[in-house]
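All remarks here apply to the structure that follows.
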Amino acid sequence: MKEYLAKNLQHCPPYETWNGKPEPHSEVPARMDMIEKALLDLPGQIIYPNQFKPIPRNLIPDIHDLSYLSFLANTLKLETEDYRYPSVFPYRRTDQFSNQPNAMLGYYSTDLYTPINNKVLEYAVLSASAAYNSALAVLEGDRSSYALSRPPGHHAGFDFMGGYCYLNNAALAARTLSGANYQKRVAILDIDFHHGNGTEDIFKKIQSDLPDSQIGVLHISIHADPNEKFPYFSGQKTIKETPLSQGINYPLPLGTTNQEYQKTLYQALDRVCLFNPEYLVIPVGFDTHEQDPIGGFKLTTEYYRQIASEIMSLEKPTVFIQEGGYNLDTIGANLTSFIEGIEG
Ligand code: Q9C
Ligand code: ZN
């Protein structure tokens, strides 16, 4: 399997704010050093950014709003690499926009975890390129590929950033696999600890008017109960009557074990099979691990092998995209176990 590595070691937000106080940022460059170390010990072929093909110009505007992209483009004009954080957010249902820089930063942000500087667009594009190139590998016939992307992407929505994410890597992979008019069916199964609210938002917006029979990209997510954890305002359990365009959500309680997770994984994989996709996109987060500092599930390193092999048993060409996973001591072993499950 080819593994596309976008480490972006320079990307280093200094802190995230919790309860008004700065705390060390969880999404640190060292995550990717540990990931690269693990990859070097595995038989796959690591592809570095100097070998990435550039993302065609039309693709990103297919999944993100032009005004949001122009906001991101304007970050290039910031004078320093100092990270800026929002201070003010629009109140609900306001119809008044503001071009004032601080106001715009609040408008396009969902939280105090995702700062901007004059380099974040470059980092986000490189991270998205790993996802795009992974999708190309599968389109060219590989059975699987893995984008080791940083910054992550699944909390970036059609017109917002958040949860450490700026551009939606998984959505870009799905768009690439599905084609311009979403002719080919793609199922996204998000197994990060947090709800994939950004990806859900994008495909909801793109497909809002479509009946179930015409959905091109189906979004499914297994994640922590949003009554307990970020992103709080999305990811509640789907009911039978919910149109497929809204996505399918499986919230799980804190403390979820391998066995409990496995039951839900089977249900989710059944839904994937019912949809009968040509391709799979799997946003992967090792923040479901028992020792993750910001998670709250109890999955074990050994169990990731089984998750990956259950996914591969569907026998669909599959693109894996790295999202979260914040324990530097276990992220390497977790990735190794997962990749061994992919390779069987
Ligand atoms: N006090 C991803 O896993 N919450 N993003 C942190 C710490 C933010 C996670 C709270 C979680 C964002 C890609
Ligand atoms: Zn996460």
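The values are calculated or read from the model by the stated rules, or taken from the named source; none is laboratory data. All of these numbers come straight from a predicted model, not from anything done at the bench. No Cβ is skipped: glycine too gets one built from the backbone with ideal geometry, and neighbour counts run over all protein chains shown. Calculation scope for accessible area: heavy atoms of the full protein, side chains included, ligands and nucleic acids excluded. Shrake-Rupley method; radii C 1.70, N 1.55, O 1.52, S 1.80 Å.
Yes/no per residue for (1) surrounded by fewer than 22 Cβ atoms within 10 Å (Cβ to Cβ); (2) within 16 Å of ligand 1 (Cβ to nearest atom); (3) closer than 25 Å to L218 by Cα:
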site: T264; (1), (2), (3): yes, no, yes
site: Y279; (1), (2), (3): no, no, yes
site: I282; (1), (2), (3): no, yes, yes
site: F286; (1), (2), (3): no, yes, yes
site: Q291; (1), (2), (3): yes, yes, no
site: Y303; (1), (2), (3): no, no, no
site: M312; (1), (2), (3): yes, no, yes
site: T318; (1), (2), (3): no, no, yes
site: Q322; (1), (2), (3): no, yes, yes
Inset, instruction - Name the residue, out of A137, A170, A130, A156, that is on the phi < 0 side of the Ramachandran plot, surrounded by 24 or more Cβ atoms within 10 Å (Cβ to Cβ) and away from ligand 2 (no atom under 16 Å from the Cβ). - result: A130
Legend entry - D82 open to solvent by 20 Å² or more (accessible area, probe 1.4 Å), closer than 20 Å to N118 by Cβ, modelled with pLDDT of 95 or more and away from ligand 2 (no atom under 16 Å from the Cβ): yes
Inset, instruction - Can you tell me which residue within segment 269-325, out of those that are of a type in the set (F, W, Y) and assigned to a helix (DSSP H, G or I), is farthest from ligand 2 (Cβ to nearest atom)? - result: F275
Legend entry - Single match in A38, A103, A124 (criterion: free of Cβ contacts under 8 Å to residues at least 60 places away in the same chain and within 30 Å of T336 (Cβ to Cβ)): A124
Legend entry - Odd one out for V28, checked against (1) over 18 Å from R84 (Cβ atoms); (2) touching a residue at least 40 places away in the same chain (Cβ under 8 Å); (3) more than 19 Å from the chain's Cα centre (by Cα): (3)
Inset, instruction - Being more than 24 Å from A147 (Cα to Cα) and open to solvent by less than 30 Å² (accessible area, probe 1.4 Å) narrows it down to one of T256, T242, so name that one. - result: T256
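Let's see how each residue does on (1) more than 15 Å from ligand 2 (Cβ to nearest atom); (2) at pLDDT below 95; (3) in a loop (DSSP other than H, G, I, E, B); (4) touching a Cys at 6+ places or on another chain (Cβ under 9 Å):
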position: H194; (1), (2), (3), (4): no, no, yes, no
position: H219; (1), (2), (3), (4): yes, no, no, no
position: I222; (1), (2), (3), (4): no, no, no, no
position: F233; (1), (2), (3), (4): yes, no, yes, no
position: T238; (1), (2), (3), (4): yes, no, yes, no
position: E241; (1), (2), (3), (4): yes, yes, yes, no
position: G255; (1), (2), (3), (4): yes, no, yes, no
